[in-house]
Structure formats: structure tokens, C-alpha cells
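Here is the structure we will look at, set down as C-alpha cells.
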Amino acid sequence: MHTGVFLLADSAAKTAEAVQAAGSVDMTLPLMAALTIFVLAMFVGFEIITKIPPTLHTPLMSGSNAISGITVVGAILAAGAGGGVMVTLLGLLAVILAMINVVGGFLVTHRMLEMFRRKK
């Protein structure tokens, strides 16, 4: 769920930046469309994650760390693009949330691998 939401947030930030660069003054429609997609992605992601059995959750999370790393790079680019204060703040928020996702994924993977090590 998290990865899809972050990718959508990154896309929304890039859309807002492109509209500003084109000289358009009215940001209401693209912003509302981006927020609608963001909220819908959150609901769909939540429903998908809650339906995954616990035995599959850990391997899926460890596999999504690479995608989350790509999201971090995109969020850093969005934060440093200089598209305005709002774009920078959303990019910074995306960096923070994506890093929480990456670190949490590695911690869960490490904990899972500890279960398979021999006890001394």
C-alpha cells in the first residue's frame, strides 16, 4: 500500500510542478484530481493490505523495499525541484514517510531472518 501511495504522491507533486511551469494560474483542478487519486489509493491499499495473510506479509514487505528506495529518490527529487513551498513540503513529507517505510521493511525482514537462525 505504502509504495503505491508514495508513487501517486510523487506523481501529484510532479503534475503540480508541470502546471506551474506552464504558467497556469488555476491549480484547483489538478490539485483536487491529485488529492482524489491519493485518497482513493489509500483506501484501496488499506483494503489490499488487510486481506493479505500474515505469513505472506513479511516476504512481500521485504520485496517492496527496493520499490520504496526508488520512491525515496523520487521524493528527494520532488523536494529539491524548487517548484514552490508546497511542492517542497510535500516532497519532504514524502521523503520522511518513504524512509519510515524502508526502515520498517528492513527491520521486519531482519526479525524474520532471526527466526531461522540456529540458537547457540
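The values are calculated or read from the model by the stated rules, or taken from the named source; none is laboratory data. This structure is a prediction, so every number in the text was calculated from the model and none was measured. In this analysis, Cβ positions are derived from the backbone assuming ideal geometry, glycine residues included, and neighbour counts consider all displayed protein chains. The area values use the complete protein model at the heavy-atom level, side chains included, leaving out ligands, DNA and RNA. Shrake-Rupley method; radii C 1.70, N 1.55, O 1.52, S 1.80 Å.
Would you check which residues across the stretch 78-113 are at pLDDT below 85 and open to solvent by 80 Å² or more (accessible area, probe 1.4 Å) and list them?
Correct list: Phe106, Leu107, His110, Arg111, Leu113.
Kindly indicate the residue of the stretch 78-120 that is among the charged types (D, E, K, R) and in a helix (DSSP H, G or I) and also farthest from the chain's Cα centre (by Cα) among those meeting that condition.
The selected residue is Glu114.
Suppose we keep only residues that are in contact with a helix residue (DSSP H, G or I) (Cβ under 8 Å, 6 or more places away or on another chain) and modelled with pLDDT of 60 or more within the stretch 21-32. Which one would you say is least open to solvent (accessible area, probe 1.4 Å)?
Once the filter is applied, the top-ranked residue is Pro30.
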